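Quick note: the coordinates plus some simple rules give every number you see, no bench work behind them. Because the structure is a prediction, the values reported are computed rather than measured. Counting neighbours? That spans all protein chains shown, and the Cβs are built from the backbone with ideal geometry, glycine included.
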Amino acid sequence: MPVVRNEDSEHEKELKRWNTPTRDGGHQPDQHEPYPAMVYQARDLHGKPACEDPRDEQFATRCQHIVRDAQEHARYRADGWSDSPTLALAHAESLAQDIATAAAEANYHAAKMSPKAQAERARLEASTDKHVTK
């Protein structure tokens, strides 16, 4: 059975408004509007960077933010947020690689330190499970 539409009904008038461009008095954008937009940041989840966890909705909301304009977008991008979850994961991996490289360089230079300095560094390494880059 076909759907009968009455063009004089309030429902049809509202549908028509939403399908009419803004320049003609409707609600549909005239062109692509980039904002609001979503930005993403990968966070540590069980030792690995992630942008979502199907078991924890709050984790996903901490990894996402809606930016309202270009200035806010630029500010979040400068703080390490990305335009997609894939880019956020790649950024987190890049940061982890940079930290690992810095730790390896610090270990190389630590071999040339005095025994007292090496003992202090060993205590610092034993006190954390993260890379020591000093």
Legend entry - Extension gain (nm, one decimal) between ALA70 and TYR35, 0.36 nm per residue minus Cα-Cα: 11.8 nm
Legend entry - Computed magnitude of the charge dipole of the stretch 32-126 (debye, nearest 20; Cβ of K, R +1, Cβ of D, E -1): 500 debye
Legend entry - Selection from THR101, LEU45, ILE66 lying farthest towards where the dipole of the chain points positive, charges on Cβ: THR101
Inset, instruction - Sketch the reach of a paramagnetic label on ARG43 as a point 7 Å from Cα along Cα-to-Cβ, and name the residues of the stretch 51-73 whose backbone nitrogen lies under 12 Å away. - result: 51-53, 56-65
Legend entry - Degrees between helix 115-126 axis and first principal axis of the chain (Cα, 0 to 90, nearest 10): 40 degrees
Legend entry - Estimated FRET transfer efficiency when R0 is 25 angstrom, pair ARG77-LYS130 (beta carbons, to 0.05): 0.45
Inset, instruction - Please list, or write none, the aspartates and glutamates whose alpha carbon is within less than 16 Å of the alpha carbon of LYS116, excluding same-chain residues fewer than 8 places away. - result: GLU125
